[in-house]
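The values are calculated or read from the model by the stated rules, or taken from the named source; none is laboratory data. Small disclaimer: the values here were computed from a predicted structure and weren't measured. With ideal geometry, Cβ positions are generated from the backbone for all residues, glycine too; neighbour counts draw on all protein chains shown.
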Amino acid sequence: MRRLFTTKRGVAVAATVATMLAASIGAYAYFSTTGAGSGSGTVGSSTALAINQATISYSSPENALMPGTSATVTFTVDNPSTGHQQLGTISVSSISTDPAHLGCDSAANPTWFSTTTDAVGHDYAPGLGQAVTGSITITFNDLNVSQDVCKGAPLTFHYAA
C-alpha cells in the first residue's frame, strides 16, 4: 500500500478515487424548497334541453280529454350539448288551441285544466331521445259550466323544465 502512493500513477489513481468519492457524496446533497405556479382554463356553458312528449294515455274510453278526465304524458329529452346536464322538473307552462276553439286554453280559462309536475332530478349525457322517468297528469276539470268551446279542440301542451 505504501508503494501505491510513491509512484505518479498511484498518486493519480488515489486522487481520481478521492475526487469521485467526493463527487458522489455531493450528488446526494440537496435543498428542500417550495414552489407555486398558475395556469388557465375555460368553463363551458349550458345548452337548453329539448323536452319531447313521448306518449299520452287518456283515462276516458274516448281516448280524448273530457270534462272530469285526465291524460298521462311521458317524455324523452334531447341534450344537444357536449357535456352532462341536469334536468330538475318538467311542468306544463301553458295549454293552447287553434283559433276555432279560443277559450279552451289555459290563458282564457286557467281553472279548466290542472297539471302535476314531474320531479325528474336526473343528469343526462349528451344525446337524443333519452327516456325520462316519471310522468305528468293533465286533468280537464269538470266545473259545472259549459265547456262546449273545447269540443274537438286540438290542444297543444307547452312544457317547461
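If I go through region 85-104 residue by residue, how many of them are part of a strand (DSSP E or B), over 9 Å from Phe157 (Cα atoms) and either without any contact (Cβ under 8 Å) to a residue 40 or more places away in the chain or of a type in the set (A, V, I, L, M) (or both)?
Step one: of region 85-104, the residues part of a strand (DSSP E or B) are 85-96.
Remaining after also requiring over 9 Å from Phe157 (Cα atoms): 85-91.
Now narrow it down to the ones that are either without any contact (Cβ under 8 Å) to a residue 40 or more places away in the chain or of a type in the set (A, V, I, L, M) (or both): 85-87, 90.
The number of residues fulfilling the criteria is 4.
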**Message:** Looking at region 67-80, can you tell me whether even one residue there is within 29 Å of the chain's Cα centre (by Cα), assigned by TED's automatic domain parsing to the domain that holds Gly152, loosely packed, with under 14 Cβ neighbours inside 10 Å and under 30 Å from Gly44 (Cβ atoms)?
**Reply:** yes
**Asked** Does Leu87 count as of a type in the set (A, V, I, L, M, F, W, C) and either farther than 25 Å from Leu49 by Cβ or loosely packed, with under 15 Cβ neighbours inside 10 Å (or both)?
**Response** no
**Request:** State all residues of region 44-58 that are surrounded by fewer than 14 Cβ atoms within 10 Å (Cβ to Cβ) and farther than 18 Å from Tyr124 by Cα; if no residue qualifies, say none.
**Result:** Thr55, Ser57
**Asked** Taking region 100-136 as the region of interest, how many residues are of a type in the set (Ser, Thr, Tyr), closer than 19 Å to Lys151 by Cβ and surrounded by 11 or more Cβ atoms within 10 Å (Cβ to Cβ)?
**Response** 1
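Quick one: is Thr139 among the hydroxyl-bearing types (Ser, Thr, Tyr) and in a strand (DSSP E or B)?
Values: among the hydroxyl-bearing types (Ser, Thr, Tyr): yes; in a strand (DSSP E or B): yes.
So Thr139 passes the test.
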**Complete:** Note on region 58-84: residues among the aromatic types (Phe, Trp, Tyr) and without any contact (Cβ under 8 Å) to a residue 24 or more places away in the chain are Tyr58
